[in-house]
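Read the structure below first, then the notes.
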Amino acid sequence: MNKEYLFTTERLGFRNWSLDDLNSFAQLNADISVMEHFPNTLNIEESKDFMIRLQKHYTSFGYTYFATDLKETGEFIGFIGLKYQDFESDFTPNVDIGWRLKKSAWKKGYATEGAKKCLDLAFNQFNLDTVIATCTIQNVSSQKVMQKIGMQKKATFKHPKLKNFPEKQTCLLYEINR
């Protein structure tokens, strides 16, 4: 596939979002399994709004949760990247690293591969000193990725954006420093 990537890894291509991604992104966000650790799935309008926010974030910061493809085929598999977070907490504002991949891309090492590259960019291109990651205490898969990329568990906290979802509000904070 001849897509214009901002950067790549051995198997993945990373780019800013395009309206061409909307249907695939909406399918990802509508998948109950993918969204298990979030309050709810997203419909197409919510996915479009989220995608537009990610495009604007890229324009403002030079990074975002990047649209992520398999390089070999050009297939969209989800997102991996960095995002400025300023929700109210003891550890924000800060930049977090995150990922959301479709089920067919699970357990193949893509999240770890992409996250390692994004950490490299965070420290060496964007000159960040610290990157955080958060997830629900139930999200063991994301915790494993955080550990594989060298992050350390720092705290358990009640996520302010999840106060209406008590079963998901207890989250873990991971951190890595330059």
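The values are calculated or read from the model by the stated rules, or taken from the named source; none is laboratory data. Being a predicted model, the structure only gives us computed values, none of them experimental. Glycine gets a Cβ as well: all are built from the backbone with ideal geometry, and neighbour counts include every protein chain shown. Side chains included, ligands, DNA and RNA excluded: accessible areas come from the protein's heavy atoms. Shrake-Rupley method; radii C 1.70, N 1.55, O 1.52, S 1.80 Å.
Residues in region 130-178 that are among the polar types (S, T, N, Q) and farther than 22 Å from residue 106 by Cα were compared, and the one that is surrounded by the most Cβ atoms within 10 Å (Cβ to Cβ) is 169. Number of residues in region 66-82 that are open to solvent by 40 Å² or more (accessible area, probe 1.4 Å) and either farther than 20 Å from residue 55 by Cα or assigned to a strand (DSSP E or B) (or both): the value is 3.
The residue pairs whose first member lies in region 9-33 and is within 12 Å of residue 75 (Cα to Cα) and modelled with pLDDT of 95 or more, whose second member is open to solvent by 40 Å² or more (accessible area, probe 1.4 Å) and of a type in the set (A, V, I, L, M), and whose beta carbons are closer than 7 Å, counting only pairs six or more residues apart or on different chains, are 14/6. Whenever a residue of region 116-127 is under 10 Å from residue 63 (Cα atoms), its partners that are open to solvent by less than 60 Å² (accessible area, probe 1.4 Å) and among the aliphatic types (A, V, I, L, M), lying with C-beta atoms within less than 6 angstrom and at least six residues away or across chains, give the pairs 118/82; 118/97; 122/82; 122/128; 122/131. Within region 52-65, the set of residues being aliphatic (A, V, I, L, M) and open to solvent by less than 10 Å² (accessible area, probe 1.4 Å) comprises 54 only.
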